[in-house]
Amino acid sequence: MADKDIIGSMTDDEMSEDAVIKTEKKSSIIPHILKWVAIGLAAIILIVAVSIITVNIVTQKGKGFTEYPSSPEYRDTTEILTYYTNLDLVRTNVSGQPPASISVKIHLGYSQDDKTTPSEISGRSVELQDFLRSYFKSRTYSELESNEEAIKIEIRNLINDNILTKGKIKRVMITQYDLYLQE
């Protein structure tokens, strides 16, 4: 009975068989884990490949969504301008009902190779400030509320026709346009 000492409900012979079975089970788990890791990697590679192919087809063989215009008519119409940015912020009340006020910061664009326009704008900056203040003061809230692009064009034409004599501005840009209703 010395060979078969009972510890709990198991004998020495039974314990060695269990230990052998457990080591066999542990060694058989590793191939299963490796199999599932391989399946996971294959699935990830397949998903990435399908995604790349789909994106290339949708974007027309890898071309980006933002392409530069190829038409010479379109490319040649947009000129790079220099902007006069030293005009002060214009603040005034607008006319009509409802009572409102406006704060506007305007920049005037001219050709890069133009030498007369910046000096004339600089010399007439007080005149331009007064013109802009009176322009916005004469408009109503409803006129100023929705027509920002039309306002830019109108200001450009009025400045070129009535204030500047030697140079011409090509574009008016508004960097701040705050229209407030007064209560």
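The values are calculated or read from the model by the stated rules, or taken from the named source; none is laboratory data. Please read these numbers as outputs of a predicted model, since none were measured by experiment. Glycine gets a Cβ as well: all are built from the backbone with ideal geometry, and neighbour counts include every protein chain shown. Heavy atoms of the whole protein, side chains included, go into the accessibility calculation; ligands, DNA and RNA do not. Shrake-Rupley method; radii C 1.70, N 1.55, O 1.52, S 1.80 Å.
Of all residues in region 103-123, those satisfying the criterion of being modelled with pLDDT under 90 and open to solvent by 10 Å² or more (accessible area, probe 1.4 Å) are Tyr110, Ser111, Gln112, Asp113, Asp114, Lys115, Thr116, Pro118, Ser119, Glu120, Ser122, Gly123. Here no helices (runs of 4 or more DSSP H) wholly within region 67-183 include at least 3 residues being touching a His at 6+ places or on another chain (Cβ under 8 Å).
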